[in-house]
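A short write-up of the structure that comes next.
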Amino acid sequence: VQLQAYGGGLVQAGGSLRLSCVASRIGFSAYDMGWYRQAPGKQRELVAEITDDGAVNYADSVKDRFTISRENVQQMVYLQMNHLKPEDTAVYYCNAKYLRLRREYWGQGTQVTVSS
């Protein structure tokens, strides 16, 4: 199983980025997909998740700014990030969960840096 995340970079506050994650060797459509982030000196936290049937959940800090979506045929999950703030600076990780089988996988992370 491989999750490859990309799309991070350096952006000014107020700007936008779109993160993408492609999954391989996984029954993608059955998995709940999520984006997590970890800032220096902080614990990894959930940013957004989308279940296998399309239900979404967001951290309060990103509601109304970030949008998670998925394309099952292409085995992709996206995170559209708008109105970025310096506090969004972190390494962003793609996550796949299949709770009933207790399977969980992580991507390698992509750096997002928001300058003020």
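What follows draws every value from the coordinates through simple rules; no lab data is involved. Note that this is a predicted model, so its numbers are computed, not measured. Cβ sites come from the backbone with ideal geometry, for glycine too, and all protein chains shown count toward neighbours.
Derived scalar couplings between HN and Hα for segment 100-116 equal 4, 9, 6, 10, 8, 9, 10, x, 7, x, 9, 7, 10, 10, 10, 8, 8 Hz in order, rounded to whole Hz, by the Karplus curve 6.51 cos²θ - 1.76 cosθ + 1.60 (θ = phi - 60°), x for Gly and Pro. The slack between D60 and N82, meaning 0.36 nm per residue of separation minus the straight C-alpha distance, is 6.5 nm. W106: net charge of surrounding residues, Cβ under 11 Å, Lys/Arg +1, Asp/Glu -1, itself excluded? In short, +1. Relative contact order of the chain, taken over Cα pairs closer than 8 Å and 6 or more residues apart, is 36 percent. Relative to one another, the C-alpha centroids of segment 1-41 and segment 61-116 are positioned 4 Å apart.
All C-alpha pair distances within segment 54-104, sorted into 10 Å bins from zero, spread as 18, 49, 28, 5 percent across the bins. Residues whose amide H comes within less than 5 Å of that of F66, counting only those at least five positions distant or on another chain, are N82 (H built at 1.01 Å from N in the peptide plane).
Near D88: Cβ cut-off under 10 Å, other residues only, Lys/Arg at +1 and Asp/Glu at -1. The net charge is +2.
Between V73, V62, V47, the Gaussian network model of the chain with springs among Cα atoms under 10 angstrom shows the greatest mean-square fluctuation at V73.
Applying the Karplus relation 6.51 cos²θ - 1.76 cosθ + 1.60 with θ = phi - 60° to segment 61-78 yields 3J(HN,Hα) values of 5, 10, 4, 6, 10, 10, 9, 9, 8, 9, 10, 5, 4, 8, 6, 10, 10, 10 Hz, where x marks Gly and Pro. Think of segment 24-116 as a dipole: +1 on every Lys or Arg Cβ, -1 on every Asp or Glu Cβ, centred on the Cα centre; then among S24, N57, Q111, S24 lies furthest on the positive end.
Under the Kirkwood approximation for Rh and a Cα-based Rg, what ratio Rg/Rh is obtained for the chain?
0.96
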